[in-house]
1. Would you please state the base-10 log of I(q)/I(0) at q = 0.07 1/Å for the chain, with intensities from the Debye formula using one equal scatterer on every alpha carbon?
2. Find how much the distance from HIS121 to TYR344 grows on full extension, using 0.36 nm per residue of separation minus their present alpha carbon separation; answer in nm with one decimal.
3. Nearest 0.05, what FRET efficiency do SER20 and GLN212 give at R0 = 51 Å with Cβ-Cβ as r?
4. Roughly how many debye, to the nearest 20, is the charge dipole of segment 242-386 about its Cα centre, given +1 on each Lys and Arg Cβ, -1 on each Asp and Glu Cβ, and no other charges?
5. Sorting check: for 127-136, 14-23, 47-56, which peptide has the highest mean count of neighbouring beta carbons within 10 Å, and how do the rest follow?
6. Once you put a point 7 Å from the Cα of ARG264 and another 7 Å from the Cα of ALA297, both along the Cβ direction, what distance in nm separates them?
7. Just check segment 56-295 against the gyration tensor rule for me: Cα atoms, a ≥ b ≥ c as the square roots of the eigenvalues, rounded for a/c under 1.5, and otherwise prolate or oblate depending on whether a/b exceeds b/c.
8. Fewest to most neighbouring Cβ within 10 Å: what's the order for MET245, MET13, MET185, MET143?
Amino acid sequence: MNQDHSSCYAPIMPITPRPSLVFERGQGSYLFDGEDRRYLDWVQGWAVNCLGHSPAAVAEALNRQANTLINPSPAFYNRPALELATLLTKNSVFDEVFFANSGAEANEGAIKLARRWGQKHKNGAYQIITMKNAFHGRTLATMSASGKPGWDRLFAPQVDGFPKALLNDVDSVRALVGPETAAVMFEPVQGEAGVIPATPAFVQEIAALCKQERLLLIVDEVQTGCGRTGTLFAYEQFGVEPDIMTLGKGIGGGTPLSALLARREISCFDPGDQGGTFCGNPLICAVGLAVMQALLAPEFLPRVRETGLYFAERLTSLSNGLGLGEVRGNGLLLALELGRECAYDAVIRARKAGLLLNAPRAHSLRFMPALNSTHEEIDEGIRILDDVLSEILAEEATADVP
């Protein structure tokens with residue numbers, strides 16, 4: 001037993017530093033602790049709760065489906081999975097869907113599918129060019145595909161076959177293409193790197209390169225998909241048609257659901273190549289269907305784009321007023337560059353003030369509010385953030401005085 005954990009928390013494996021507070025309930029943009037103190041949540045489970053906490057659509061879908069059919073096993077079709085797959089393919093360039101339980105599992109499936117395609121159609125090509133500072137998950141293969149600093153040594157040896165290029169540098173990708181290359185995989189926005197968007201020119205040139213060299217184009221939209229960047233899928237903003245896409249986080253509205261989508265000519269798994277005990281179960285697919293229907297409702301995505309612009313404007317005004325750095329991102333996936341390594345301190349102070357934030361890097365804050373956030377909620381968070389950062393800067397200025 002770890003001695004630095006109190007007895008009431010000791011049964012939970014300490015895989016991340018957690019504050020001692022325990023959340024009891026959530027509603028919309030807010031979480032409430034055991035003392036019923038309210039926190040404005042701009043993390044939302046790392047962009048998982050796209051409709052906020054405990055949305056009626058999710059609760060009703062769970063209740064309705066739990067009383068009907070929970071899991072007949074993936075050896076059989078079920079109605080919610082069929083309806084969700086149909087909705088996803090009708091609203092994308094893809095033809096087939098495999099449902100999984102986490103973004104890492106969907107990305108693992110994409111890696112396996114690309115390698116299977118390479119075996120069958122490209123003389124055994126297996127390498128997938130990925131990007132430095134990318135994040136694709138926490139399985140051994142997806143950690144190897146990721147470019148997060150230090151991960152190449154964490155559980156060494158890595159899974160072979162993931163040479164790293166630089167996002168927004170097409171020449172660095174081109175230099176890695178060889179006879180063993182099967183695909184190029186990237187995130188439209190590198191969230192864990194500090195919300196670094198891919199440029200339209202880069203994405204279009206990579207798509208052209210893939211077509212020229214007969215490579216698969218894989219977009220990891222675990223974080224950017226399902227309305228997070230203002231369109232249903234981020235790839236739509238680039239004018240390209242990927243071969244494979246992965247979804248996670250927001251598609252389940254807070255429940256464990258992810259998806260691997262592919263064009264039919266790429267979908268080449270043989271029976272038994274891919275699977276999973278809970279994959280495509282009707283209980284969670286019913287939730288995914290309710291979430292997707294909410295996202296596709298008239299005016300929902302335009303409202304996300306409008307709220308995202310408002311949020312970015314408020315952050316830019318705050319940054320200009322305090323002399324901080326740039327505001328990056330699209331829709332409601334945004335970051336503020338602080339210009340100093342105070343982000344972790346800001347997260348702690350903001351939490352004490354009733355605002356939950358995420359710091360993907362020591363010098364930047366990431367914002368992932370519910371997609372149905374209001375202007376009033378944005379204003380509330382900006383006020384708290386302004387107070388917190390002003391306090392930090394004032395202390396810095398005092399410390400600099402001899």
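FYI, it's all coordinate maths here, none of it is from the lab. Note that the structure is predicted; figures quoted are calculated from it, not measured. Counting neighbours? That spans all protein chains shown, and the Cβs are built from the backbone with ideal geometry, glycine included.
1. With one equal scatterer per Cα and no solvent, log10 I(q)/I(0) is -0.33.
2. On the way: separation 223, 0.36 × 223 = 80.28 nm, distance 4.75 nm.
Roughly 75.5 nm would be gained on extension.
3. Working: r = 55 Å, r/R0 = 1.08.
The formula returns an efficiency of 0.40 here.
4. Numbers: 14 positive and 16 negative charges, 54 e Å.
Charge dipole of segment 242-386: 260 debye, to the nearest 20.
5. Numbers: 127-136: 24.6, 14-23: 9.7, 47-56: 21.6.
In descending order of packing, they fall as 127-136, 47-56, 14-23.
6. 3.3 nm
7. Working: a/c = 1.73, a/b = 1.57, b/c = 1.10.
The shape class here is prolate.
8. On the way: MET245 28, MET13 8, MET185 25, MET143 20.
Fewest-to-most Cβ neighbours within 10 Å comes out as MET13, MET143, MET185, MET245.
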